[in-house]
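The values are calculated or read from the model by the stated rules, or taken from the named source; none is laboratory data. All values derive from a computational prediction rather than experimental measurement. Cβ coordinates were reconstructed from backbone atoms using ideal geometry, including for glycine residues, and neighbour counts include every protein chain displayed.
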Amino acid sequence: MKLYYLNGLPPDEIAELETESGYRKRCVKLLAKVIGLTERAVRTWGKGLNFEKMPECHKKTLAYALAAVKSDDRQQQARLKTVA
């Protein structure tokens, strides 16, 4: 699972961020908040950053959330172009 703000960063910068102390904990908190689960439930999905045991229904929820964020970003960029 990659966090949205990592998009567009060079691989070496992403690797640096992912190895920072507390990065996984921040990922767990974010996933729990977005999906509406407890952090404990999210931690059962695996030990690394890939959350390989994440149930398919939650993967779909995250995909919808990401699509909504991207759509909102595109709308804001379009508004900025019309103002400029």
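Return the pair list, or none, for Cβ contacts closer than 8 Å from residues in the range 12-39 that are within 22 Å of CYS57 (Cα to Cα) to residues that are basic (Lys, Arg) and part of a helix (DSSP H, G or I), at least 6 apart or on different chains.
VAL28/ARG43; GLU39/LYS29
Does the range 69-78 contain at least one residue that is surrounded by 10 or more Cβ atoms within 10 Å (Cβ to Cβ) and either at positive phi or not in a helix (DSSP H, G or I) (or both)?
No - not one qualifying residue is present in the range 69-78.
Out of the residues in the range 25-57 that are more than 12 Å from the chain's Cα centre (by Cα) and in a helix (DSSP H, G or I), which is surrounded by the most Cβ atoms within 10 Å (Cβ to Cβ)?
Only one residue fits best here, namely VAL42.
Quick one: would you say ARG43 is modelled with pLDDT of 85 or more and touching a helix residue (DSSP H, G or I) at 6+ places or on another chain (Cβ under 9 Å)?
For ARG43, the condition - modelled with pLDDT of 85 or more and touching a helix residue (DSSP H, G or I) at 6+ places or on another chain (Cβ under 9 Å) - is met.
Counting only residues that are small (Gly, Ala, Ser) and free of Cβ contacts under 8 Å to residues at least 12 places away in the same chain, which one in the range 49-84 is nearest to GLY22 (Cα to Cα)?
Applying the filter and picking the extreme gives ALA63.
Looking at THR61, is it exposed (fewer than 11 other Cβ atoms within 10 Å of the Cβ) and β-branched (Val, Ile, Thr)?
no
Which members of the range 1-24 meet the condition of being modelled with pLDDT under 70 and part of a helix (DSSP H, G or I)?
Once the filter is applied, which keeps residues that are modelled with pLDDT under 70 and part of a helix (DSSP H, G or I), the range 1-24 yields TYR4, TYR5, LEU6.
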